[in-house]
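The values are calculated or read from the model by the stated rules, or taken from the named source; none is laboratory data. Keep in mind it's a predicted model, so treat the numbers as computed, not measured. With ideal geometry, Cβ positions are generated from the backbone for all residues, glycine too; neighbour counts draw on all protein chains shown. Accessible surface areas use protein heavy atoms only, side chains included; no ligands, DNA or RNA. Shrake-Rupley method; radii C 1.70, N 1.55, O 1.52, S 1.80 Å.
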Amino acid sequence: MDRKAITVGADGMPASDSRHHSGLSRAKLALLTWAGAYAVILLVLAIGGRAMAGWPLALRALVLSGLMVAAMTWVIAPVMKRLFRRWLLR
């Protein structure tokens with residue numbers, strides 16, 4: 001069985017893999033994104049929920065969304081893509 005050299009992008013996914021753009025891969029990626037976002041929101045609320053309870057809704061949403069986007073961009077998404085790379089490409 002010949003193995004071709006695969007160019008890997010910065011996100012750990014094959015740079016030229018057209019399956020990454022198919023509906024099934026996007027659905028799997030959406031599922032991983034949802035799971036990661038859920039975990040971040042749950043963690044933030046478990047740690048700071050009581051302290052933030054008295055804050056105005058807009059401020060709570062601002063802090064929560066900022067923390068979630070930062071965590072998803074630089075920590076959660078890259079790790080999850082690496083861990084689930086084979087499943088995403090099936």
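Rundown of residues vs (1) assigned to a loop (DSSP other than H, G, I, E, B); (2) within 18 Å of the chain's Cα centre (by Cα); (3) at pLDDT 95 or above, yes/no style:
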residue: G12; (1), (2), (3): yes, yes, no
residue: S16; (1), (2), (3): yes, no, no
residue: A30; (1), (2), (3): no, yes, no
residue: V79; (1), (2), (3): no, yes, no
residue: R82; (1), (2), (3): no, yes, no
Please determine, by comparing only the residues of the range 34-64 that are free of Cβ contacts under 8 Å to residues at least 40 places away in the same chain and open to solvent by less than 50 Å² (accessible area, probe 1.4 Å), which one is farthest from the chain's Cα centre (by Cα).
M52
